[in-house]
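Before any comments, here is the structure.
The values are calculated or read from the model by the stated rules, or taken from the named source; none is laboratory data. For clarity, every value in this text was computed on a predicted model and none was experimentally measured. Methodologically, a virtual Cβ is constructed for each residue, glycine included, from the backbone with ideal geometry; neighbour enumeration extends over all protein chains shown. Note: areas computed on protein heavy atoms with side chains; ligands, DNA, RNA excluded. Shrake-Rupley method; radii C 1.70, N 1.55, O 1.52, S 1.80 Å.
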Amino acid sequence: MLLIALWASPAAAQEPSYQRHVSALFSRLGCNGGACHGAVKGQNGFRLSLFGADPTGDAERLLREFGGRRIDLNNPAASLLLKKASGQAEHGGGVRLQAGSAEYEIIRKWIAGGAKIDAEAKAHIKELRVAPAQRAAKPGEGYSLKVEAAFVDGSSEDVTAYCSFTSLDAAAANVDATGQVTARMPGEAVIIVRYRAQPAMARILVPRPGTADFPEVKSHNFIDNHVLAKLKQMNLPPAGVADDAVFLRRACLDVAGELPAPCEVRAFLSDASADKRSKKIEELLQRPGHAALWTMKFCDLLKAADFGVYADALSLEADAPRFQAWVRARMDENTPYDQFVERILLATSKEGHSADEYAKEVAAVMEGYGPEHKDLDIYRKRKTLDLYWMRRGSDSVGGAMQVAHSFLGLRLECAQCHRHPHDIWRQEDLLDFANFFMRVRTVGFQDQNDKRFPDMAAIKKKYDDEAKQLEVEIKKRREGEGKKLDEAMKAAKTPEEKKTTTAKMESFRKEMQDLDRKAKMLPEIGRRLLQAESRVLPPGPTAKVTSTLGSKESKTFRLLGESESITAPSGRDPREIVMAWMRKPDNPFFARAIVNRVWAHYFGRGLIDPPDNLSAFNPATHPELLKELCDGFIANKYDLRWLHRTILNSRTYQQATALSADAAIDRVNYASFPLRRLPAEVLLDAINSATGTTEKMDMKYYHWPDEMRTVEVPFSPKNPFVTFVLETYGRPKRNAAVQCDCERDGSASVFQVLALANHPRLWEKLRDPSGRIAKLVQDVPDNPKRIEELFLAVVSRRPSEAERSACLKFMSESDSPEKGLQSVLWSLLNTREFLLQH
């Protein structure tokens, strides 16, 4: 079939085009793949650009390197290019084509015609179309894909024979080198088609065989319309709606990060109103726990931990809580998401104020660092989050990658060195985008700081001078007042004299301690002003990267996915251009990235999954649903609570986890609610709630209370059990160098199960004299009610009759009611029902 297609192609009837045909064959045959000549250093002295990203450069290397020995214009068949590829000469990549084949003849004809390199501009692709774009097929059925390229010069061509084809789920359907698709088993597969470096895709649905009794299901909102239509198409009946107890537990944990109290469960179960679920959702969205949970998630995403790398005036212990306090204030206010991002992306330290005004703010923040947390109250009232730009790698090319990942859902790390092997991004795409952030100052000590920032240098000198004067005053007062008080203490004879003198000495000592603290803080304030002020500098260096392939620099400003460069006025913050672009309703990344991440929070996977990989090679499972969610999010002025509310009220979210036998094969179509593990912080808070205990975080040194919810802890505490749980259950380190949502590990392991079941601290919680068991024994008179209370507190439901009988029997055989209840509680804590979101 491929042979027929190639012989029928224009290249076979006339002189082949290097750009449209020959370079395309290099891609289709795998010559420019990452494992062959497309590798960073090529293979055996011959390098092609990865996936043909630079076809003209490839031709130059092919024709000019080593005296042009790879091409023989006088005897094309003797060309080393053809002899190696056809196995007539030794070739590490093996035989890629047969002598005399259609592919062979196209390359031979091109060489015979003088190996001309036609204009790359005429071969630029306007659109790559695949037909059929979507089709349903039964297992065993097959069909052919046809690929047509529309070029910018107005011409079009069937390029099927020049494309490579890959199935993203070969278990559901595979595709051969000719584009012949074969359905294999029920499921869904996306076929990635690549013509040269340009991707396109087709989708094949393989419905479950047989006739299912698809139930009459009522949609709650538009989400269900899309999901149910797909399920019907796939012949997958949906699960029923979860009962009230399951819904309540699920919603409380997902929305507010906390278990419902037993009294809340009883009240909800006894409520007969038809709209009680929507009312509960609304109430949960207003709880402090909702703001706390999403503060934690945004601090994960924004890497609110990597401080103190460039400047000793920055620190994790002080700045991470301030960062968190600012984000928490925006979550409490339900700040529209576009404004939330704008106030981060365009942040500066001065915010338009004078240097003196900013200096007073910094002094107030640093002086407020103490048990009362006045620094947090001050910082959370700032308009912008300048601490975002004080993290490691937040400037330059690294900063551009962080912005792309956090706000656009894109992974650009590979483009630092070469074209992304699994995406469309090239090195120039990253560098052109990075130029919008090159004027953001790198915080920290730098040579010539005093000369570069004279306003801050002058204020720093003022603080340094004040500190020196204060040290002189402290010394003078200690040698004067201090010595006199010492002498008075020695001279005191009566108890009254001693009491009076002691009080004066204590007052003096406290005053001196405060002055000592201020004398030490003043230079730190000055250092922070000079080293850690975030500002936009005048135009200067442009984006540059250096790798094993050499160095590359760009002076162009171009937004991601755009083909045309733009001019960034020297008097304007270039980041404003990025923000305006992100706000456009047709921006392909901004709204989709956050909508997809919120969806992933509730379902354990994104409509595009992984949720931070919005790639042309990673299509959505429900593209129309994603578009409608994004359109609604934008129409509702980027209201995050609208987005949460819409998802939570859907039947899809409120489905039961119990899979029917018919739907057991589904993984991505939401035939039921997917089981997933609770986040580390939520799990630990749930354990504390279930056992009626707390954990001392051992953070008093940093002026934090001993007892607090784990989701609100700004950095890892010193409590070894808390640290153990957080690390074991996948809390991220918030490493700015890791551009991947997967830094938070949601996977389950046997170690997690065994660690929780056997950890001695868990038994200490069960036996705590102030814990739930002790209170139950004291306050509840009989075992049946105690058992019910335990079930309500741990799994948010009443026990079944079988469970009640088994627990009562066990307790009757225990040494005491207290020990019996401890064992029952231990058993409940180690069930899937408690450990998993269901």
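Brief remarks on what is shown
One line per residue, one yes/no per condition, for (1) among the acidic types (Asp, Glu); (2) open to solvent by less than 10 Å² (accessible area, probe 1.4 Å); (3) within 19 Å of residue 112 (Cβ to Cβ):
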| residue | (1), (2), (3) |
| --- | --- |
| 25 | no, yes, yes |
| 34 | no, no, no |
| 40 | no, no, no |
| 43 | no, no, no |
| 46 | no, no, no |
| 50 | no, no, no |
| 60 | yes, no, no |
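- Where helices (runs of 4 or more DSSP H) sit wholly within segment 337-424, those with at least 2 residues that are touching a residue at least 60 places away in the same chain (Cβ under 8 Å) and open to solvent by less than 50 Å² (accessible area, probe 1.4 Å) occupy 337-345, 355-367, 396-408.
- Residue within segment 159-180 that is in a helix (DSSP H, G or I), of a type outside the set (Ser, Thr, Tyr) and out of contact with any Asp or Glu (no Cβ under 6 Å at 6 or more places or on another chain) present: yes
- Each residue in segment 205-248 was checked for being without any contact (Cβ under 8 Å) to a residue 60 or more places away in the chain, part of a helix (DSSP H, G or I) and either among the charged types (D, E, K, R) or under 12 Å from residue 654 (Cβ atoms) (or both), and 2 of them qualify.
- Consider segment 178-196 and keep the residues that are open to solvent by 10 Å² or more (accessible area, probe 1.4 Å) and under 13 Å from residue 159 (Cα atoms). The one that is farthest from the chain's Cα centre (by Cα) is 178.
- Given (1) of a type in the set (S, T, N, Q); (2) under 60 Å from the mean Cα position of the chain (by Cα); (3) farther than 25 Å from residue 366 by Cβ, number of the condition residue 513 does not satisfy: (3)
- Test result for residue 253, part of a helix (DSSP H, G or I) and open to solvent by 10 Å² or more (accessible area, probe 1.4 Å): no
- Complete set of residues in segment 543-557 that are closer than 29 Å to residue 387 by Cα and either free of Cβ contacts under 8 Å to residues at least 12 places away in the same chain or open to solvent by 20 Å² or more (accessible area, probe 1.4 Å) (or both): 544, 546, 553, 555, 556, 557
- When 710, 691, 723, 728 are checked against the criterion of being surrounded by fewer than 21 Cβ atoms within 10 Å (Cβ to Cβ) and either touching a helix residue (DSSP H, G or I) at 6+ places or on another chain (Cβ under 9 Å) or within 30 Å of residue 241 (Cα to Cα) (or both), 728 stands alone in meeting it.
- Selection of helices (runs of 4 or more DSSP H) fully inside segment 436-542 by the criterion of at least 2 residues being crowded, with 17+ Cβ neighbours inside 10 Å returns 454-477, 495-531.
- Residue list for segment 325-336, filter: touching a residue at least 40 places away in the same chain (Cβ under 8 Å) and either touching a Ser or Thr at 6+ places or on another chain (Cβ under 6 Å) or crowded, with 20+ Cβ neighbours inside 10 Å (or both): 325, 326, 327, 328, 331
- Total residues in segment 74-133, condition assigned to a strand (DSSP E or B) and either surrounded by fewer than 15 Cβ atoms within 10 Å (Cβ to Cβ) or of a type outside the set (A, V, I, L, M) (or both): 4
- Test: residue in segment 137-148 that is open to solvent by less than 60 Å² (accessible area, probe 1.4 Å) and among the β-branched types (Val, Ile, Thr): yes
- Exactly one residue out of 8, 24 is more than 34 Å from the chain's Cα centre (by Cα), under 24 Å from residue 152 (Cα atoms) and modelled with pLDDT under 55: that is 8.
- Of all residues in segment 27-58 being touching a helix residue (DSSP H, G or I) at 6+ places or on another chain (Cβ under 8 Å) and basic (Lys, Arg), the one that is farthest from residue 94 (Cα to Cα): 47
- Residue that is most open to solvent (accessible area, probe 1.4 Å), among those in segment 583-629 that are farther than 18 Å from residue 424 by Cβ and hydroxyl-bearing (Ser, Thr, Tyr): 621
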